[in-house]
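Okay, structure first, notes after.
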Amino acid sequence: MIIYGKNVILCALNSKFKISKVLIYENLRDKDKFIQLCKSKNVPYELVSKFRLEQLVKDDNHQGLCAYFEDEIQIKVQDNINNFINSNNNIILIIDRIQDPYNLGSIIRTAQILNINNIISTYTQSVKITPSVIKASAGAIFYINFSYSDNLKRIIETLKENQVKIYSLERNGEYIENVSIGNEKIALIVGSEHYGIRSSLIQLSEKILTLRTYNNQINSYNVSNAVSIALYILTIKKDLTLKGA
């Protein structure tokens, strides 16, 4: 896989993952920074022409950098669950059939910024981890525990067995700002751009959480925006709860 973009390459080089080689545009203004980083990480690099980059990267937004990435990003589902249960992480995100790479990348970026480090997504009918997803995440994917599974029902049941509260982000529920958050860990289920969350998963939830809208012309959020808002509110609520506020 070829990954690209300044933030992506910086994050990849500073992560636990293996980069085979970095290609740097020969006239890149800050190329010396990337050269020094490659040297410090013992990663091979090559100065190349703009034409060479454009041959390798079909996205115009390569920012003068790309790299060969051959590592496996996703981890085993059980390892992801165990990490969440046994860590100080308070929220795990369950994604049901997100299909747009930019939506998935944006969600991953927001999650990582909010210190939400565990994400599990369906495999079937979902976008896979592609260079576009990695670019949209601004490299945040390299710091997230990410897994695929087509048995979300069993995953949710396992989380409930470990006293994790299950919430679904959907319409016609309780407004998220009114929900009381306790000391328990939280799993938030979010659904696809077109179909939302499957009813079989909603039925496993303790509550449906809903975001307010304030006009009738456009009555729903883009899914990545909705997830970002919900995760931000839940993170603040959880933080205040833990601080005893």
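Listed by number, the DSSP H helices of the chain that run 24 Å or longer by alpha-carbon position along their axis and have mean Kyte hydropathy of at least 0.5 are 223-242.
Scaled to the globular estimate 2.2 N^0.38 Å, the Cα spread of segment 154-206, given as radius of gyration, is 1.15.
If you run the Gaussian network model on the chain, springs between alpha carbon atoms under 10 Å, then out of I85, I166, I113 the most flexible one is I113. Computed about its Cα centre, the charge dipole of segment 69-170 is approximately 180 debye, with only Lys, Arg, Asp and Glu carrying charge at their Cβ. Helical content alone sets the calculated 222 nm signal of the chain at -10500 deg cm²/dmol, taking -39,500 (n - 2.57) per DSSP H segment of four or more residues and averaging over every residue.
On the principal axes of its alpha carbon atoms, segment 1-46 extends 28, 20, 16 Å, with the longest extent given first.
If you wrap a convex hull around the Cα atoms of segment 81-182, how much volume per residue is inside, in Å³?
114
In loop segments of segment 58-147 as defined by DSSP, the chymotrypsin sites (Phe, Trp or Tyr not before Pro) with at most 15 further C-beta atoms inside 10 Å of their C-beta are Y123.
Hull volume per residue, based on the alpha-carbon atoms of segment 123-196 and their convex hull, is 142 Å³. Computed from the coordinates I sent, semi-axes √(5λ) of the Cα gyration tensor in Å equals one of (1) 36, 19, 17; (2) 32, 18, 18; (3) 52, 24, 16. Tell me the label. Here the calculated entry is (1). A straight line joining the Cα centroids of segment 182-237 and segment 3-55 runs 37 Å. Average accessible surface for segment 176-245: 57 Å² per residue, computed with a 1.4 Å probe over protein heavy atoms with every protein chain in place. Candidate cross-link partners of K58 among the lysines, defined by an alpha-carbon separation under 19 Å and a same-chain spacing of 8 or more, comprise K6, K21, K50, K128, K135.
For GluC sites (Glu not before Pro), the sites in segment 3-106 that DSSP calls loop and that have at most 13 other Cβ atoms within 10 Å are E70, E72. Seen from all directions on average, segment 30-118 presents a Cα convex hull projection of 8.4 nm².
For segment 17-102, applying the loop criterion from DSSP together with a ceiling of 16 other beta carbons within 10 Å to the trypsin sites (Lys or Arg not before Pro) yields K18, R29, K41, K58, K76.
Å³ per residue of the Cα convex hull, for segment 185-245?
It comes to 104 Å³ per residue, whole-number rounded.
Across segment 116-128, rounded Karplus estimates of 3J(HN,Hα) from the backbone phi angles (6.51 cos²θ - 1.76 cosθ + 1.60, θ = phi - 60°) give 9, 9, 10, 9, 10, 10, 4, 8, 5, 6, 10, 5, 8 Hz, Gly and Pro being marked x.
Of all DSSP bridge pairs formed entirely within the chain, close to 25 percent run antiparallel.
Tell me, what % of the accessible area of the chain is carbon and sulfur with a 1.4 angstrom probe?
Values: 5570 of 12350 Å².
Whole-percent figure for carbon plus sulfur exposure: 45.
Note on the chain: with a GNM built from Cα contacts shorter than 10 Å, the maximum mean-square fluctuation among Q217, Q63, Q163 falls on Q217.
Taking only protein heavy atoms and a 1.4 Å probe, what accessible area per residue, in Å², does segment 1-116 have with all protein chains in place?
For segment 1-116, the per-residue accessible area is 52 Å².
Of all the options D59, D32, D96, the one that moves most in a Gaussian network model of the chain with Cα springs shorter than 10 angstrom is D32. Give me D for segment 118-245 in µm² s⁻¹, whole number, from Stokes-Einstein with Rh from the Kirkwood sum over alpha-carbon pairs, 37 °C and 0.692 mPa s. Approximately 206 µm²/s, per Stokes-Einstein.
The values are calculated or read from the model by the stated rules, or taken from the named source; none is laboratory data. This one's a predicted model, so the numbers in the text were calculated from it and none came from an experiment. Positions of Cβ are backbone-derived with ideal geometry, glycine not excepted, and every protein chain shown enters the neighbour counts. Remember, those area values only see protein heavy atoms, side chains included, never the ligands or the DNA or RNA. Shrake-Rupley method; radii C 1.70, N 1.55, O 1.52, S 1.80 Å.
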